[in-house]
Amino acid sequence: MNIIGPDTLVFGVEDTESCKQFALDYGLTQQSDTRFVALDGTGIEIKKADDSSLPSPLATGSMLRKTIYGVKDQHTIDALKTELEKDRTVTTLDDGSIESVDDLGFVIGFQVTIRQSLENLPAEKVNAPGSENNRAVNNIGINTDFKAQPRSLSHVVYFVPDAVKAEAFYAQRLGFITTDRFTHVGPFMRPAGTNDHHTLFFINTPPHMQGIEHFTFHMSGPTEVSQAGTALVNKGYQSFWGPGRHIFGSNWFWYFKSPFGCNIEYDADMDLHDGEWTAREAMPGADNSQAFLLQYREKWAPMGPPPGKPE
């Protein structure tokens, strides 16, 4: 199955204004009254919880109502419809996309991808002794006139009561590949149409917690993650975890609490894998989930002793 990755996450929320303002502050562009997008056109839909166009919520009340995956072409849509109709209802919507549910009850959709090419968009560049300079002479590395620009919807993480069952469905029915896993917690998975380390991660939890744990967009590099996160802190949003760098996936991260009933992350520089990769496994915990974790503090000028140090 040539599934590329998530195109859109659809939310049903009570406080639409807070969610829309958060999306703008995070750096997404408002494309319509309900749609907020990254540079490649992937994004989120924000609708009122009682909007009749939304699928029914999970029994837990999770605000995520639907995950829409982008696929390569109509042939993939047809193949997915044939596969899923073997044991569940599949609905073809007016826009040609299809909608169904996975084995845990999450509503999933599939459409010919809306992702736009970002091939000519430069990434963060680094100069280092012993290596050819990546950033040209007189080309400065930091821009203080900063505006966060999320590039692409990266991944979504689910709380699930049965990660084994969830992994089996996405692997056997949708062709997802497990890249790594945390023992007794769940797998990191990528669909066949991308080399990203993961677009999906399952965390085993009690049934009453089922829902979305976090979602994230790719940024240009660690500097943009740090600047975007700092901007959110300065706007009064609560940092949850980060900034730091993960071990599985190697991506830089900074997580924040959000009004979507879940966390939202900035990430950058994720590992890429192909069929030659052998999945790793590790016990969960700080030592295996992060290479390092930095501590945010308000700016201070080095004109005297560091904060907390005696004169």
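Provide MET219, MET189 in ascending order of the number of other Cβ atoms located within 10 Å of each residue's Cβ, fewest first. Intermediate values should be presented prior to the final figure.
Details: MET219 31, MET189 24.
Fewest to most other Cβ atoms nearby, the residues stand as MET189, MET219.
Compute the helix-to-body angle for 74-84: its Cα long axis versus the longest principal axis of the chain, expressed 0 to 90° and rounded to tens.
The angle comes out near 60 degrees.
Taking the C-alpha atoms of the range 138-184, how large are the radius of gyration and the largest Cα-Cα span, Dmax, in Å?
18.7, 54
Show me the ranking of peptides 133-139, 1-7, 47-53 by mean Cβ neighbours inside 10 Å, starting with the highest.
Numbers: 133-139: 9.6, 1-7: 21.3, 47-53: 12.7.
Per-residue Cβ counts within 10 Å, averaged per peptide and sorted highest first, yield 1-7, 47-53, 133-139.
Taking only the alpha-carbon atoms of the range 1-53, what semi-axes of the equivalent ellipsoid follow from 5 times the gyration tensor eigenvalues under a square root, in whole Å, largest first?
After diagonalising the Cα gyration tensor, the semi-axes are 20, 15, 8 Å.
I need the semi-axes of the equivalent ellipsoid of the range 204-258: take the C-alpha gyration tensor, multiply each eigenvalue by 5, square-root it, list largest first in whole angstrom.
On the way: eigenvalues 102, 50, 15 Å².
In descending order, the three semi-axes are 23, 16, 9 Å.
Would you mind listing how long the chain runs along its three principal axes, going by Cα atoms, in whole Å with the largest first?
71, 45, 39 Å, listed from the longest principal axis down.
List the relative contact order of the chain as a percent without decimals, with contacts defined as Cα pairs under 8 Å and 6+ residues apart.
Details: 661 pairs, mean separation 55.4, N = 311.
Across the chain, relative contact order equals 18 percent.
Neighbouring Cβ atoms within 10 Å as the yardstick, rank THR183, THR199 fewest first. The partial results should precede the final answer.
Numbers: THR183 10, THR199 23.
Ascending Cβ contact count within 10 Å gives the list THR183, THR199.
Read-outs: derived from the displayed coordinates by stated rules, not from any lab. Computed from a predicted structure; not experimentally measured. Glycine also receives a Cβ, built like all others from the backbone with ideal geometry; neighbour counts cover every protein chain displayed.
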